[in-house]
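The block underneath contains the structure these notes are about, expressed in structure tokens.
The values are calculated or read from the model by the stated rules, or taken from the named source; none is laboratory data. If you're wondering where the values come from, they're calculated on a predicted model, not measured in any experiment. Every residue, glycine as well, gets a Cβ built from its backbone with ideal geometry; the counts of neighbours run over all protein chains shown.
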Amino acid sequence: MGPGNQFVAEAKRILYGRVGIDMIAGPTDSLILADETADAFIVATDLVSQAEHGYNSPVWLVTSSNELAEKVIELVPGLIADLPETNRVNAEAAWRDYAEVIVCSDREVMAATSDEYAPEHLTVQAADLDWWRGRLRCYGSLFLGEETTVSYGDKASGTNHVLPTSGSARYTGGLSVHKYMKIVTWQQATREGAKDVAAATARISRLEGMEAHARAADVRLQKYFPDEKFDLHL
């Protein structure tokens, strides 16, 4: 099951534990990294395109250019005002209540800021796209260059678009076949190979006050190595 809307999120919350879910997704969010080479009108248009998702959909611009930041802030209200009513109301609220424009000293600080936000959608409109692709770590889906846009991913370009929101891209990626795989582990030991493990287990267990755990290790050492002495207490 994908992210859906707030009603789908509530249904997933209720069913979690009875059925498997991918994640409980929050409002969609988008961040644009742009330097002085970016086109302010395209940056502003892309921000508005994601703000129209809903009144609580954050959009963020992180840039190294004061001039670009000021121009985007100037352009956005007019672009929002030109939208149909429902879209306009959503975008106005999202821009007013959740948008941020952050000016950084250089691209390394920009990248670090982006990784801290860990956006669902991350767009780079800046020089040296290979550097950005290699440096950025935390995002749901990455859109490199002015020639692409999150709207392509939303509607037509084909990349998976069930993505982590609310900063969860710090530790997980989008929905994939791996979400439907169950990972299990197993272990088997030889008597000699587990000797050191058993002694360590006994000591750690007693340190934690779990005597029965310790004795499960003790009994094996006593059975397999009756003539040896072990330090089983800290």
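Spot the failing condition for G78; the list is (1) within 26 Å of the chain's Cα centre (by Cα); (2) of a type in the set (G, A, S); (3) assigned to a helix (DSSP H, G or I); (4) surrounded by fewer than 16 Cβ atoms within 10 Å (Cβ to Cβ), and only one is missed.
So G78 meets the others, but not (1).
If only one of K155, K223, K195, K182 is out of contact with any strand residue (DSSP E or B) (no Cβ under 6 Å at 6 or more places or on another chain), touching a residue at least 24 places away in the same chain (Cβ under 8 Å) and basic (K, R), which one is it?
When all the criteria are applied, what remains is K195.
How about segment 136-176: which of its residues are among the β-branched types (V, I, T) and over 24 Å from E36 (Cβ atoms)?
If the condition is that a residue be among the β-branched types (V, I, T) and over 24 Å from E36 (Cβ atoms), then T159, V162, T165, T172 are the ones that fit.
Which numbered condition in (1) surrounded by 15 or more Cβ atoms within 10 Å (Cβ to Cβ); (2) in the same structural domain as I21 (by TED's automatic domain parsing); (3) in contact (Cβ under 8 Å) with a residue 24 or more places away in the chain is the only one that A202 fails?
Result: A202 passes all but (2).
Yes or no, residue by residue, for (1) modelled with pLDDT under 90; (2) touching a Gly at 6+ places or on another chain (Cβ under 9 Å); (3) more than 28 Å from E108 (Cα to Cα):
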{"site": "G145", "(1), (2), (3)": "no, no, no"}
{"site": "K155", "(1), (2), (3)": "no, no, yes"}
{"site": "G158", "(1), (2), (3)": "yes, no, yes"}
{"site": "A169", "(1), (2), (3)": "no, yes, no"}
{"site": "L175", "(1), (2), (3)": "yes, yes, yes"}
{"site": "W186", "(1), (2), (3)": "no, no, yes"}
{"site": "T190", "(1), (2), (3)": "no, no, yes"}
{"site": "T201", "(1), (2), (3)": "no, no, yes"}
{"site": "K223", "(1), (2), (3)": "no, no, yes"}
